Amino acid sequence: MRAALNSKQLPRPAFRYSQLVKVGPHYYFSGLLGQDRQSGALVSDGVGPQAVQILANLQVLMQEFGLGFEHLAMVRLFTTDMSRFGEINAAWEQVFDATPHAPPARTSVGVAALPLQSKVEMEFTFYKE
């Protein structure tokens, strides 16, 4: 069974898509940008601060939908500035060093552009029976 869900904690999507689709034990989160939860604006023009905000928003979503880091299977990470990838890794390590669970698989891709002129976007896949 497929269920489309939207967060009550994050800004509504600007276009027609679901923030989260649950198919059986699989949860597919649409790409998250570094948006402020209240205003929907990007937190800054920087790679690092946007990565920090994305991971903070992820934790809000996980709590809202009853998921934990033990359920996080895959992350796809996109950035328009691979030269500053160290800042993304620093934000990543800050979160994943603080959890006892193994980090998820991860793919990182350099791209020409992202929505809202963001520098970073991440999409997440969870598995929870």
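The values are calculated or read from the model by the stated rules, or taken from the named source; none is laboratory data. Keep in mind that this is a model prediction, so the values were computed, not measured. FYI the Cβ positions are ideal-geometry reconstructions off the backbone, even for glycines, and counts take in every protein chain you see.
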**OP:** Looking for whichever is more than 25 Å from Ala4 (Cβ to Cβ) and either surrounded by 14 or more Cβ atoms within 10 Å (Cβ to Cβ) or touching a residue at least 40 places away in the same chain (Cβ under 8 Å) (or both) here; the options are Gly31, Gly86, Gly110, Gly48. Which one fits?
**Re:** Gly48
**OP:** Of all residues in segment 21-61, count the ones that are hydrophobic (A, V, I, L, M, F, W, C), under 13 Å from Glu123 (Cα atoms) and out of contact with any Lys or Arg (no Cβ under 7 Å at 6 or more places or on another chain).
**Re:** 8
Original post:
Tell me, which residue of segment 15-25 that is surrounded by 15 or more Cβ atoms within 10 Å (Cβ to Cβ) and either hydroxyl-bearing (Ser, Thr, Tyr) or part of a strand (DSSP E or B) (or both) is modelled with the lowest pLDDT?
Top reply: Ser18
**OP:** Identify the single condition in (1) under 18 Å from Ser118 (Cα atoms); (2) modelled with pLDDT of 95 or more that Arg12 does not satisfy, given that it satisfies every other one.
**Re:** (2)
**OP:** Pull up segment 62-103, narrow it to residues that are part of a loop (DSSP other than H, G, I, E, B) and of a type in the set (Val, Ile, Thr), then point me to the one that is modelled with the highest pLDDT.
**Re:** Thr80
**OP:** Out of the residues in segment 89-105 that are within 13 Å of Leu55 (Cα to Cα) and small (Gly, Ala, Ser), state the one that is surrounded by the fewest Cβ atoms within 10 Å (Cβ to Cβ).
**Re:** Ala98
